[in-house]
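Contents: one structure, followed by commentary.
The values are calculated or read from the model by the stated rules, or taken from the named source; none is laboratory data. Quick caveat, the model's predicted, so the values are computed rather than measured. Methodologically, a virtual Cβ is constructed for each residue, glycine included, from the backbone with ideal geometry; neighbour enumeration extends over all protein chains shown. We work out accessible area using only protein heavy atoms, side chains counted, and drop any ligands, DNA or RNA first. Shrake-Rupley method; radii C 1.70, N 1.55, O 1.52, S 1.80 Å.
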Amino acid sequence: CKAKRARRAMFCMRPACDDGVHESELKCRTRDGWRLHIRRWSHEELNTKDGNPASNDKIRLKDDTEEAPAQPRERLPVLLVHGLSSSSECFDVAPGISLAKFLAKRGWEVFALDLRGAGRSDHPHFLGTSRSRYWTIDTHLREDFVAAVEAVLSVTGAPQLHCVGHSLGGMLLSGALSDVVPDVRTKLASGVMLSSSPFLGTSWFVKYLGSLIPLATCTGLLYARMMQQFVSPFVHSIVSSTALDRVYFWPSNTSPSAARSLHARCFSDPSSGVVDQVYAAMHGQRELHSLDVEPVSYCDSARLPVCGVPTLLISGDKDEQCTPEDMERTADALRVHDEMSPHKHVKLGPAHGTNDHYGHFDTLIGKRVEKEVFPLIEEWLREH
């Protein structure tokens, strides 16, 4: 029984709260009616009428009258946005491997969004049309990202926020800075793109996703969550494939428990529309564009350098989903090498001063993230 409870704790339960960090949640609605879940961490107690820490803050947008009182703070809030087929859990994988708690302990108020279909946000209805199984990256940006930014600014009373996006989350940030959705970039003080690039031309894994489009189109969703949970006990073990492990992390830089927790708790089922849009980005100019009649680039080299939002790129030398070549193209679009550029690109790997190589999720769950990665992010936020 004890062994069974231990396995359940490893693969199913949420990490224990660290001392001094209070976790609560927000609820908000998109303009098209989806309810989004946003996790919230703060080192200070949230004030309520009776003086006790708040457990939930519900934000209603547009058509609702209930709204939490604004709480102005000295530091701007931080919004974390997860990647494709992931969830907010990736920012809080385990004690000691939590970007959210790392920042909260240093005085930041941190929020982590679950995009639609992920985590505890609304999932599509199996039957019926009120919540369709079809959405795109454009939907994530123009509905989910916008709603989350409005909710965070509303509850904190802050004029702007910092945004940290991993993988697809960084693409949404880049899209906002490229004005794929109007006016959002004015609400961003700075950005961080972790293992993220709107250029997708050199990743074999993205090409592999293309073979799954017919299946995803038939079912409406790509059922990644169940598959990842099934394989989670075998990840980073003697029976796992090193080549497959490296799609997600660099084995020597990730502990087995963190890797298994990632697969067991952090994945979700993306819509076929998202997979299709990612695959389409591999053709033509090999970069992500909106699906408008007149497509807009998610990495507009004319707009990004002058967008007014300083952006930090952090890339891993062994990332097989967002390759160093694609990250370098993003850096070129931001003109990080220009002397007057407000943007910066930090490369991770032994050749760049770190102790080990970095794969796709190692920027969040690697063994040395609290010494080699998270301080870079916190320093960038403090500077901007």
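Conditions tested, residue by residue: (1) touching a residue at least 24 places away in the same chain (Cβ under 8 Å); (2) in contact with a strand residue (DSSP E or B) (Cβ under 7 Å, 6 or more places away or on another chain).
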| residue | (1), (2) |
| --- | --- |
| Val278 | yes, no |
| Val293 | no, no |
| Val296 | yes, yes |
| Ser315 | yes, yes |
| Glu325 | yes, no |
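Among the candidates Val336, Val373, Val369, single out the residue that is in contact with a Ser or Thr (Cβ under 9 Å, 6 or more places away or on another chain), of a type in the set (Val, Ile, Thr) and surrounded by fewer than 21 Cβ atoms within 10 Å (Cβ to Cβ).
Answer to the selection: Val336.
Among the residues of segment 351-384, write down those that are hydrophobic (A, V, I, L, M, F, W, C) and more than 19 Å from the chain's Cα centre (by Cα).
Scanning segment 351-384 gives a single hit, Ala351.
Quick check on this structure: which one of Ser174, Ser121 is surrounded by 21 or more Cβ atoms within 10 Å (Cβ to Cβ), of a type in the set (Ser, Thr, Tyr) and part of a loop (DSSP other than H, G, I, E, B)? Outline the logic, then answer.
Working: Ser174 fails: part of a loop (DSSP other than H, G, I, E, B).
Of Ser174, Ser121, the one residue that is surrounded by 21 or more Cβ atoms within 10 Å (Cβ to Cβ), of a type in the set (Ser, Thr, Tyr) and part of a loop (DSSP other than H, G, I, E, B) is Ser121.
Listed here are the residues, each with its yes/no results for (1) crowded, with 22+ Cβ neighbours inside 10 Å; (2) out of contact with any strand residue (DSSP E or B) (no Cβ under 6 Å at 6 or more places or on another chain); (3) at pLDDT below 50.
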site: Glu23; (1), (2), (3): no, no, no
site: Lys27; (1), (2), (3): no, no, no
site: Asp32; (1), (2), (3): no, yes, no
site: Arg60; (1), (2), (3): no, yes, yes
site: Leu76; (1), (2), (3): no, no, no
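Restricting to segment 310-327, name every residue that is closer than 19 Å to Thr254 by Cβ and charged (D, E, K, R).
First, the residues of segment 310-327 that are closer than 19 Å to Thr254 by Cβ: 314-324.
Across segment 310-327, the qualifying residues are Asp317, Lys318, Asp319, Glu320.
Do we have Ala151 as open to solvent by less than 10 Å² (accessible area, probe 1.4 Å), in a helix (DSSP H, G or I) and either more than 21 Å from Asp269 (Cα to Cα) or out of contact with any strand residue (DSSP E or B) (no Cβ under 7 Å at 6 or more places or on another chain) (or both) here?
Yes, satisfied.
Would you pick out the residues in segment 279-304 that are part of a helix (DSSP H, G or I) and touching a helix residue (DSSP H, G or I) at 6+ places or on another chain (Cβ under 6 Å)?
Across segment 279-304, the qualifying residues are Tyr279, Leu304.
Exactly one of these conditions fails for Ser86: (1) under 12 Å from the mean Cα position of the chain (by Cα); (2) open to solvent by 10 Å² or more (accessible area, probe 1.4 Å). Give me its number.
All conditions pass for Ser86, except number (2).
Quick check, is Ser86 under 17 Å from Leu26 (Cα atoms), of a type in the set (S, T, N, Q) and not in a helix (DSSP H, G or I)?
Numbers: under 17 Å from Leu26 (Cα atoms): no; of a type in the set (S, T, N, Q): yes; not in a helix (DSSP H, G or I): yes.
No, not satisfied.
Of the residues His162, His140, which is in a strand (DSSP E or B), buried (at least 24 other Cβ atoms within 10 Å of the Cβ), of a type outside the set (Gly, Ala, Ser) and in contact with a Leu (Cβ under 9 Å, 6 or more places away or on another chain)?
Values: His140 fails: in a strand (DSSP E or B).
Exactly one of His162, His140 is in a strand (DSSP E or B), buried (at least 24 other Cβ atoms within 10 Å of the Cβ), of a type outside the set (Gly, Ala, Ser) and in contact with a Leu (Cβ under 9 Å, 6 or more places away or on another chain), namely His162.
Asp338 passes all but one of (1) at pLDDT below 90; (2) touching a strand residue (DSSP E or B) at 6+ places or on another chain (Cβ under 9 Å); (3) over 27 Å from Trp108 (Cα atoms); which number fails?
With respect to (1) at pLDDT below 90; (2) touching a strand residue (DSSP E or B) at 6+ places or on another chain (Cβ under 9 Å); (3) over 27 Å from Trp108 (Cα atoms), Asp338 is out only on (2).
Between Ser301, Ser261, which is among the hydroxyl-bearing types (Ser, Thr, Tyr) and touching a Lys or Arg at 6+ places or on another chain (Cβ under 9 Å)?
The match here is Ser301.
Have a look at Asp362, Asp356, Asp319 and point out the one that is touching a Ser or Thr at 6+ places or on another chain (Cβ under 9 Å), touching a residue at least 60 places away in the same chain (Cβ under 8 Å) and either open to solvent by 10 Å² or more (accessible area, probe 1.4 Å) or aromatic (Phe, Trp, Tyr) (or both). Walk me through how you get there before you give the answer.
Numbers: Asp362 fails: either open to solvent by 10 Å² or more (accessible area, probe 1.4 Å) or aromatic (Phe, Trp, Tyr) (or both); Asp319 fails: either open to solvent by 10 Å² or more (accessible area, probe 1.4 Å) or aromatic (Phe, Trp, Tyr) (or both).
The conditions single out Asp356.
Do we find that Pro342 is free of Cβ contacts under 8 Å to residues at least 60 places away in the same chain, in a loop (DSSP other than H, G, I, E, B), within 28 Å of Ala100 (Cα to Cα) and open to solvent by 30 Å² or more (accessible area, probe 1.4 Å) in this structure?
yes
Each row is one residue, and each column tells you yes or no for (1) open to solvent by 10 Å² or more (accessible area, probe 1.4 Å); (2) modelled with pLDDT of 85 or more.
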position: Leu262; (1), (2): no, yes
position: Phe267; (1), (2): yes, yes
position: Val275; (1), (2): no, no
position: Met282; (1), (2): yes, no
